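Read the structure below first, then the notes.
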Amino acid sequence: MLRSYYHLSDQRVPIVFGPGRHPTSGARFLYFEGPDGMVFADSDDLARVYRFDLAQDSEMISPTIPI
């Protein structure tokens, strides 16, 4: 994430928030401003996706997007 931060900073892209870590998932993030003021998010550590079912044990499912 710091590599993204330094690259964007070198290119003078406005950093909106971050780098940081989401408290719930623990994923690292960086929010930055793109063209026309649109805000983009760069995030990692989202390879694990869990499905929670209150009636059964939770299970890990495969991500739909290759990493």
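The values are calculated or read from the model by the stated rules, or taken from the named source; none is laboratory data. Owing to the predicted nature of the structure, the values given are computational and were not obtained by experimental measurement. FYI the Cβ positions are ideal-geometry reconstructions off the backbone, even for glycines, and counts take in every protein chain you see.
Quick notes
- When segment 26-61 is limited to residues that are part of a loop (DSSP other than H, G, I, E, B) and surrounded by 13 or more Cβ atoms within 10 Å (Cβ to Cβ), the one that is modelled with the lowest pLDDT turns out to be 46.
- For beta carbons closer than 6 Å, sequence separation of 6+ or different chains, a first residue in segment 10-22 that is surrounded by 12 or more Cβ atoms within 10 Å (Cβ to Cβ) and a second that is among the small types (Gly, Ala, Ser) and assigned to a strand (DSSP E or B), there are no qualifying pairs.
- For segment 1-25, the set of residues classified as of a type in the set (Val, Ile, Thr) and modelled with pLDDT under 90 consists of 24 only.
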